[in-house]
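Written below as structure tokens is the structure these notes are about.
The values are calculated or read from the model by the stated rules, or taken from the named source; none is laboratory data. Owing to the predicted nature of the structure, the values given are computational and were not obtained by experimental measurement. We place every Cβ from the backbone using ideal geometry, glycine too, and count neighbours over all the protein chains shown. Areas reflect the complete protein model, heavy atoms only, side chains present, ligands, DNA and RNA absent. Shrake-Rupley method; radii C 1.70, N 1.55, O 1.52, S 1.80 Å.
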Amino acid sequence: MTGKRPKPLLWLAAAALALGMAVNAGGALAQKPNPLPDCFKPWDENTGTISYPEREGPFRVALANGFAGNDWRIEMIQSLKAWARRAENAADIAELKIVSTGTDVAAQISAIDNMIAAGFDAIIFIAVNPTAFTGVIKRAKRAGTILVPFDNILDTDEVVQLNEPQLELEGTKARAVVKHMVRKSGKVLEVRGLPGNSVDRDRSIGMHLVFDPIEDVEVVTVIGNWDTGTVQKVVADAIATHGHFDGMVLQHGTVGAINAILNAGHDIVPIGGDGENGARKLMAKHNVPGASVTQAPAMSAIAMQAAIALLKGHELPTMIALPLPYVLSEDLEEGVNYFPDLPDVINLGSGFPACGTALTAAEVLAETAEDE
Amino acid sequence: MSGLLLHLRQNYGAVLAITIFVILFVVFLSLHPRGPSVYVMTTASNTGAALAFVAMGQTLPVLTGGLDLSIGSILALCNALASEVVNGSPERVALGVVLVLLTGLACGLINGIVVVYGRIQPIIATLASGAVYTGLALLIRPIPGGEIDDVLSEAMTYETFGVIPTSLLLIVAVVLLIWVPFKNSVLGRGVYAAGSSEVAAYMSGVRVDRSKLAAYSLAGLFAAIGGLFLGFQTFSGDALIGVPYTLNSIAAVVIGGTSLYGGIGGVIGSIFGAYILRTINGVMFFAGAPPLAQPLFEGIILLGAVALAALRVVRIRNRLEVMD
């Protein structure tokens, strides 16, 4: 970092860092406590905190989404809008801007840069890539824009970010499967997500943490790409190859897996799956034991809630672990945690009661995915 | 004056692309709440830079009448490699940059060899080699991360002399130092000749093979520059970063007025084609277009641009008139 290279940039970086520290220090003086300690829980004991100077509302806020082409993302946008529409939240929001930029990281960086330039107070975003935003974070800090990444966690402790703990999410599914397995031995099928993705990696680790210590269980892994159709195919193939499984843990595509099981004439085994309405319908209909755990799209609303708390001068953990919304098979109840009249593809458990936002499915579905 | 007119006529596609870009960019700036500030200009310049480099690269195989479907993978491989080697001491950084550029060049050369000596259709050849390059990129960087020298990254993504976006200077430098000399060389003329009529070029003694090899190699080099630049923007590497770039580069080439049949066009049009695609996004962003309808608008503008570029051919009653 020394020697013949241009110095002015180093000075600039140092100045920005100093400015950032000053901002933080200024915030520390006027700092208000975490408004919802049960909702904005620190990730672990090493998680620090951040606060910014208090500002006057109402605020101009934005969501910079990346990829937009699936139901989860659309529900995520709908949830944010439904949350922002509620009177108690609408009072804090002068403008809510929503954009989706696709899978190109350069496009998302530029969208956030444009928002920073346009003077937004806070921007929440699902990063296309967990490592690409170092420069953006610096520029946001310089401009005084608060960033709150969620769902896809970045490798930084300079902003507040939130997600459901992925190890725990997949662990919850796995433990429910173990609990319902008649014999604690045999083969268990693991259906992974998209290769090369850190969420896929973390969930797989969470699953293996539960099953690896059980000596008589062999874990068979297949790749489902988080796509229900692909999952149905790979589960059918796995059943054809291995004959029998004693349990299945799926990152996504439970509907496909249950269909594959029924088509193959395989007996019903414990399943730890996702939180889609269709998955719960099938689990209830065929008495599938296990658990349905949701990576809740409504975390967009919680991310915005956190951003507004930060704008109001509250102190929050740098990394927030949201409470996991899940339902065990024995607690499945029609009209309460699954809905025969609603589309199969919606993700249930969209409310985070600990955060004071239990959005109803109807409330979410009333919104369009458009920017207004 | 007639020389200028002839020049404009010969570069109809590029002139059209520049015109469309200027109009779009003026609209973008008028919609932007901040207006034309240095920050906004730098953001705009950085946004399109990687795509512009890849589009420049794609132009060359297209000029020969071919196509490079591996270009996004080469970009990703170079980006992943950069996150391993472009860090540490200044000497190491410099060496790393050279290594990344050479890797891109080598990937392009391999494409060229498969196409020219393997006599395989460029689409199939580069589809296959692209899968290989993606595999290599995933081996180097299974999950996104790594490190790219931040001093160099900031120098490349901020402004020179405080006002001129460095990425813009980089594009101009690449055009002046690589494209212009190449276009005026025998090899470069051969690229155009091969695309116009490979048989006629061969009969006239043009070393078609060499020109094609050069075209694919340079495509790899340009993709490497694009991958490096994405690294400067993100300070890191990602093996899957190139996925949107292959098709977008072809779109940029077409918008820029290069004929997919080969022989007509150039990288200047492609650069503006890339920036047109990016500016459309920016315009829709501030115009408040529904985010899910964005690909629809992009498609419509792409169709419009291609249709405008094709107008010249529609006016010609006899294909032989193209020759005069």
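Brief remarks follow.
- Looking at A:82, A:68, just one residue is in contact with a Leu (Cβ under 9 Å, 6 or more places away or on another chain) and part of a loop (DSSP other than H, G, I, E, B), and that residue is A:68.
- Residue list for the stretch B:115-136, filter: crowded, with 21+ Cβ neighbours inside 10 Å, more than 23 Å from residue B:210 (Cβ to Cβ) and among the β-branched types (Val, Ile, Thr): B:134
- Residues that are without any contact (Cβ under 8 Å) to a residue 40 or more places away in the chain and either assigned to a strand (DSSP E or B) or hydroxyl-bearing (Ser, Thr, Tyr) (or both), drawn from the stretch A:97-121: A:100, A:101, A:103, A:110
- If you go through the stretch B:265-279 and keep only what is within 14 Å of chain A (Cβ to nearest Cβ) and under 10 Å from the mean Cα position of the chain (by Cα), you end up with just B:274.
- Enumeration of residues in the stretch B:137-181 that are open to solvent by 40 Å² or more (accessible area, probe 1.4 Å) and at positive phi: B:146, B:161, B:162
- Filtered residues of the stretch A:183-232 (kept if over 21 Å from the mean Cα position of the chain (by Cα) and on the phi > 0 side of the Ramachandran plot): A:186
- Test: residue in the stretch B:62-82 that is under 17 Å from residue B:230 (Cβ atoms), open to solvent by 50 Å² or more (accessible area, probe 1.4 Å) and either out of contact with any Pro (no Cβ under 8 Å at 6 or more places or on another chain) or within 13 Å of another protein chain (Cβ to nearest Cβ) (or both): no
- Matching residues, the stretch A:11-41, being closer than 22 Å to residue A:126 by Cα and either at pLDDT 95 or above or assigned to a loop (DSSP other than H, G, I, E, B) (or both): A:39, A:40
- Taken over the stretch A:37-65, the residue count meeting the criterion of being more than 20 Å from residue A:345 (Cβ to Cβ) and open to solvent by less than 60 Å² (accessible area, probe 1.4 Å) is 14.
- For residue B:22, the conditions (1) open to solvent by 60 Å² or more (accessible area, probe 1.4 Å); (2) in contact with a strand residue (DSSP E or B) (Cβ under 7 Å, 6 or more places away or on another chain) are fulfilled apart from (2).
- Just so you know, in the stretch A:338-353 the residues that are among the aliphatic types (A, V, I, L, M) and farther than 16 Å from residue A:293 by Cβ include one that is modelled with the highest pLDDT, and it is A:342.
- Among the candidates B:257, B:282, B:288, B:262, residue that is at the interface with another protein chain (Cβ under 8 Å from one of its Cβ atoms), on the phi > 0 side of the Ramachandran plot and not aliphatic (A, V, I, L, M): B:288
- Residues being open to solvent by 30 Å² or more (accessible area, probe 1.4 Å) and either in a loop (DSSP other than H, G, I, E, B) or under 18 Å from residue A:219 (Cβ atoms) (or both) - total across the stretch A:241-259: 5
- Residue check, residue A:214 surrounded by fewer than 22 Cβ atoms within 10 Å (Cβ to Cβ), more than 23 Å from residue A:326 (Cβ to Cβ) and without any contact (Cβ under 8 Å) to a residue 40 or more places away in the chain: no
- A single member of B:66, B:13, B:48, B:57 is within 22 Å of the chain's Cα centre (by Cα), touching a residue at least 12 places away in the same chain (Cβ under 8 Å) and not in a helix (DSSP H, G or I), and it is B:66.
- As for the stretch B:18-34, it holds at least one residue that is without any contact (Cβ under 8 Å) to a residue 12 or more places away in the chain, at negative phi, within 11 Å of chain A (Cβ to nearest Cβ) and over 19 Å from the mean Cα position of the chain (by Cα).
- Residue ID - nearest to residue B:8 (Cα to Cα), chosen from residues in the stretch B:245-287 that are of a type in the set (Phe, Trp, Tyr) and buried (at least 24 other Cβ atoms within 10 Å of the Cβ): B:272
- Entirely in the stretch A:126-218, the helices (runs of 4 or more DSSP H) that have 1 or more residues that are within 14 Å of another protein chain (Cβ to nearest Cβ), aliphatic (A, V, I, L, M) and within 30 Å of residue B:149 (Cα to Cα): A:134-143, A:198-211
- So residue A:235, is it touching a residue at least 12 places away in the same chain (Cβ under 8 Å), buried (at least 18 other Cβ atoms within 10 Å of the Cβ) and over 18 Å from residue A:279 (Cβ atoms): no
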